[in-house]
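The values are calculated or read from the model by the stated rules, or taken from the named source; none is laboratory data. In this text the structure is predicted, and so the values were computed from the model without any measurement. A quick note on method: Cβ atoms are made from the backbone with ideal geometry, for glycine too, and the neighbour counts reach across all protein chains shown.
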2 protein chains.
Amino acid sequence: MKIGDLARLTGTKVETIRYYEQIGLLLAPARTSSNYRDYGNDHRQRLAFVRRARDLGFSLEQVRELLGLSDKRDQSCDAVDVIARAHRTTVDRKIAELRALRKELDRMIGECGHGVVADCHIIEALADADTSPRRAIDSQ
Amino acid sequence: MKIGDLARLTGTKVETIRYYEQIGLLLAPARTSSNYRDYGNDHRQRLAFVRRARDLGFSLEQVRELLGLSDKRDQSCDAVDVIARAHRTTVDRKIAELRALRKELDRMIGECGHGVVADCHIIEALADADTSPRRAIDSQ
DNA sequence: TATGCACCCTCTAGCTACTATAGGGTCAAG
DNA sequence: CTTGACCCTATAGTAGCTAGAGGGTGCATA
């Protein structure tokens, strides 16, 4: 099948497929006489694997490792577990960060008095970094 | 003060400060006779504002807007509120996405039997994209 | 005075993971 | 025989920095 067909089947953009090939994530397929890429089922499965791992937030480097591991069918799958757990830790950290952030945003937004910028608590909150002496901003 | 001092005071890398100047987020400071950047308090406050907004996850484009708004001290601060709320919505969406992701990762990791890759449920889960019709898997 | 070191300068390229051009070639239908 | 959808390569762009090359400056010390 042609690259456009593979793109449709896997929900990937054509450019992305070529990019994956360029960085060595996907093997270069055979070419037709007119130099078109000619893909088979194995390519489709491999790309589907990549897409699914990417959707789950694995980095391209992690996907590369997972692909490599998935080919070594008789080795222990502990390495796979390690990658997945590492990724879960990263996701956990991100969630915690975003929640803290959301809390601060909530506080800021809640304090907005809808007045003029000079009295805006959101702007104040942003200006009040611990490195800047408080209220020094009026004097400019 | 020199760029290194400003960097230390605001917890910013020197390169980042130069980058902010380059993209027009910070005004170019005066130069000393030896062409060193010479910063004052106003620069420090402005950079502190930027850093704080960035720490809260605002994009550089949003920071640029917030900076512009913070200078218009007699205008309504509703525009500030709009930016903050839009950002909160984005953060909320990201949290939801990451939580869904975490759930799936949890499921995958929980199923890891620590056997060989051929029987690895994590690899299976990644391979089982709905777009690829797979032959029946032995231990479903 | 010479030397060393930390710091400053510009310019350029690199990172992730794509996305989007420009400037062509191929192929089937009308 | 032309139109339009597709394909090709190569290059540059996106965010938000970060790192390096290759050079200049300023101050303390031997």
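So the values come out like this:
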| quantity | calculated |
| --- | --- |
| Qualifying residue in the stretch B:55-68 (condition: more than 9 Å from chain A (Cβ to nearest Cβ), within 16 Å of DNA strand C (Cβ to nearest atom) and either within 21 Å of A:Asp106 (Cα to Cα) or out of contact with any Pro (no Cβ under 9 Å at 6 or more places or on another chain) (or both)) | yes |
| Qualifying positions in the stretch A:69-82 - more than 7 Å from every other protein chain (Cβ to nearest Cβ) and not small (Gly, Ala, Ser) | A:Asp71, A:Val82 |
| Residue in the stretch B:82-104 that is farther than 30 Å from A:His114 by Cβ, aliphatic (A, V, I, L, M), over 16 Å from the mean Cα position of the chain (by Cα) and at pLDDT below 90 present | yes |
| Top-ranked residue of the stretch B:93-123 - restricted to ones that are over 11 Å from A:Val91 (Cβ atoms) and more than 7 Å from chain A (Cβ to nearest Cβ), ranked as surrounded by the most Cβ atoms within 10 Å (Cβ to Cβ) | B:His121 |
| Filtered residues of the stretch A:23-44 (kept if among the charged types (D, E, K, R) and either in contact with a Leu (Cβ under 9 Å, 6 or more places away or on another chain) or exposed (fewer than 10 other Cβ atoms within 10 Å of the Cβ) (or both)) | A:Arg37, A:Asp42, A:Arg44 |
| Selected residue (criterion: farthest from DNA strand C (Cβ to nearest atom)) from residues of the stretch A:1-41 that are in a helix (DSSP H, G or I), of a type in the set (Val, Ile, Thr) and more than 22 Å from A:Glu65 (Cβ to Cβ) | A:Ile3 |
| Filtered residue count, the stretch A:58-81, keeping only those that are part of a loop (DSSP other than H, G, I, E, B) and at pLDDT below 90 | 5 |
| Test for A:Arg37: is it under 30 Å from B:Arg8 (Cα atoms) and at pLDDT 90 or above | no |
| Index of the failed condition, B:Gly24 passing every other in (1) at positive phi; (2) modelled with pLDDT under 90 | (2) |
| Out of A:Gly24, A:Gly4, sole residue that is out of contact with any Ser or Thr (no Cβ under 7 Å at 6 or more places or on another chain), away from every other protein chain (no Cβ under 14 Å) and within 12 Å of DNA strand D (Cβ to nearest atom) | A:Gly4 |
